[in-house]
Amino acid sequence: MSSVTARNPMFRRFNLGLLGLATLDRTDTVCAFVPASRQSLARGSVGFGASTSTSPVAPPTDEEDNLSSNGVGANLLNPPNGEAMDYGDEPIDDEELISLPRHSSNGRVSNILEKAETVLRGLHRQSVKVQDALEEEQIEREESSEGYEKVDATSGSPANECVFANSYINLGRVETIGFDYDYTLVTYRPELLELIYDMALKRLVNDKQYPVEMLHADMAFDPHFSIRGLAVDRETGWICHLSYTHKVAVAWEGRNKVKRNRLFEEYSGKRALRPDERKSRLKPLNDRFSMAECCLIADVAQFFKDRNIPFCPRNAVNDVLKAIGETHISGDFHRMVAEHPEKYFNESPHLKTVLESLKASGKRLIFVSNSPFWYVDAGMSYVVGPNWRNAWDVVIVSAGKPAFYTENSRPFREVSAKTGRIKFKKITELEPGEVYTEGCLRELTKCLPRWHDDADVSAGELGYDTQSQNLGASSNLASPNVLYIGDSLFADLVDAKREYGWTTAAVTPEVGYEMEAQSKTRFVLSERTINLLLNCLRMVQAELGNGPRSADDIAVMDAVENLVSKWRDEQTDMLKNPFGSVFRARFQPSLFAHSLKRYCDLYMSSVSALRHYSPQHRFYPDDARLLSHEVRGIEGECWDLEDVLRYGAVDE
């Protein structure tokens, strides 16, 4: 994964001598050109570290005059020692996006805006030089070291294959690990969602009498339209991206973005619904399978709108959801995937290594999937090998999660691994190598022997909660010494965490995708520009004081805010989908990120990331901040060991 490093001396001088508004941040990977408002994601936490509206900054030093985070009493990036800085006069591609307004009657405000624009121009010119230098360095590395990967300093793993912690977790105390199957142990090529989309579309036409022209209208799954964590409003048919406060940050009607005034009109001026309205109107689209639902709902609406065909959005949404559901229940797509595993499954060369390592360390492995055995067997045989069941202490299929967690009296039934037929004998003990279906967690605790772990408990010295990891729990599986790994927050993880206190880990491949995109110079440049503009607005308001605002005052602030909005649109475009980051709803944490933080102790881009960690590894969370006023650590200039070795010294 390419990272925009700070090792170029020219870049370092520019960053430290001029910017100061979003300091060089030490991620676990490298000294990176990372914006302050993205620090929590770069460090591997989707929590509520400072948002862009309250971006943390390094305290000004004698050599750094900054746009301060609160805008009070700060000098606006005056050059060190009062010397004029030479930014050059090369043309800038983003001229319109970095041209700040001037105040017609307040010279001090205009002076702030002028200086901010000067810094912006320097930033954008310098970024071109930095990018050129980094590209040359990357080429040199690739030529000198085949297969070079940027490596995390703490785990030795490629930067986009880290396991990220929301809470303190000691794997040494975890004695049982459960795994989901779909999009967890196995992952799929885009062809799977294309198949589900096509099958559901045919059901709409054949079973629901939708226009046959839909089959010839070039309607197809678009992997660049939908993301996880969205919701569909049944009443309007809009696809919505919600913030952690349940506000609709972005909405699309068909393939057209809903204008802001319509959002306010529909949601009573709040861009949000009451809890009872949310329950009746919004259908969450949280797992990766739901991306096909999202795309088909939008395309059906667009088909009707393009042809001026009157339709009821609620009926259309319900029809699509039912068609998708029937496609899953019928087993049609399962059969096609099982017959052609090489077409639909991604290869996972490291999965077997991960399972063998965990098993060798003495951990009990439990396989719990909602998919039928014949489908699971086809996928696992392709990815791991025909003897895949040897690694598992228990294999449970057609589990019916989340009911698996909430049912109290559903017994297990055994499935013949040879014929796939269900046996009728009563199950009182679950045996390794056999396959079971249905059941519930309460029955699972009865049918499994208790495992013991005499690991010491020493985390109290670190200030972490050791009571929640107590191994003396009375129930076999109702304690944090069980780790469950899955991709679907609400089908796999929420009840496991909420009802039984399990340790939970989410597989979120979007982390890897977004870290890659956000490490690009263009994205980092946009984030730094946004931070500078927001700090400029704070300083302007500090200068204007607490009196009434004139028309000129408001016009200046509106113009700068408009620039911020345009740069946010740029970031959305760089993520190559119309909704932007899975973890951010515009500038606020998304509802998906909030749920990930609340219900998941760990998250990772794939299960294979575990190969970089010892089975006794201890994960330490990033500093969890919630409110803007909370004390932040001082983030000075970032040096890593490689910097010292390459450049020979640290500033004295």
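Data overview
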quantity: Total formal charge among the other residues, if their Cβ is under 11 angstrom from that of K497, Lys/Arg +1 and Asp/Glu -1; calculated: -2
quantity: Set of lysines near K352 by C-alpha distance (under 16 Å), chain-local residues within fewer than 8 positions excluded; calculated: K363
quantity: Debye log10 I(q)/I(0) at q = 0.10, 0.19, 0.20 Å⁻¹ for segment 190-341, Cα point scatterers; calculated: -0.35, -1.17, -1.27
quantity: S280 paired with K418, simple spin-label distance in nm, labels 7 Å along Cα-to-beta-carbon; calculated: 5.7
quantity: Candidate lysines - alpha carbon under 18 Å from K446, same-chain residues fewer than 8 apart omitted; calculated: K425, K426
quantity: HN-Hα J in Hz across segment 256-265 - Karplus 6.51, -1.76, 1.60, θ = phi - 60°, x for Gly and Pro; calculated: 10, 6, 6, 5, 4, 5, 5, 4, 5, 5
quantity: Protection-proxy order for peptides 313-319, 422-428, 436-442, 578-584, each taking the mean of Cβ atoms within 10 Å per residue, highest first; calculated: 578-584, 436-442, 313-319, 422-428
quantity: Inter-label distance for S99 and V205, nm, one decimal - labels placed 7 Å from Cα along Cα-to-Cβ; calculated: 5.0
quantity: Subset of K283/K597; K202/K283; K259/K279; K202/K270; K576/K597 violating a 31 Å alpha-carbon distance limit; calculated: K202/K270
quantity: Within straight-line cross-link reach of K401, lysines at Cα separation under 17 Å, skipping those fewer than 8 residues along the same chain; calculated: K497
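Every number here is computed from the coordinates shown, using simple stated rules; none is lab data. Remember, it's a predicted structure, so these values are computed and weren't measured experimentally. Cβ sites come from the backbone with ideal geometry, for glycine too, and all protein chains shown count toward neighbours.
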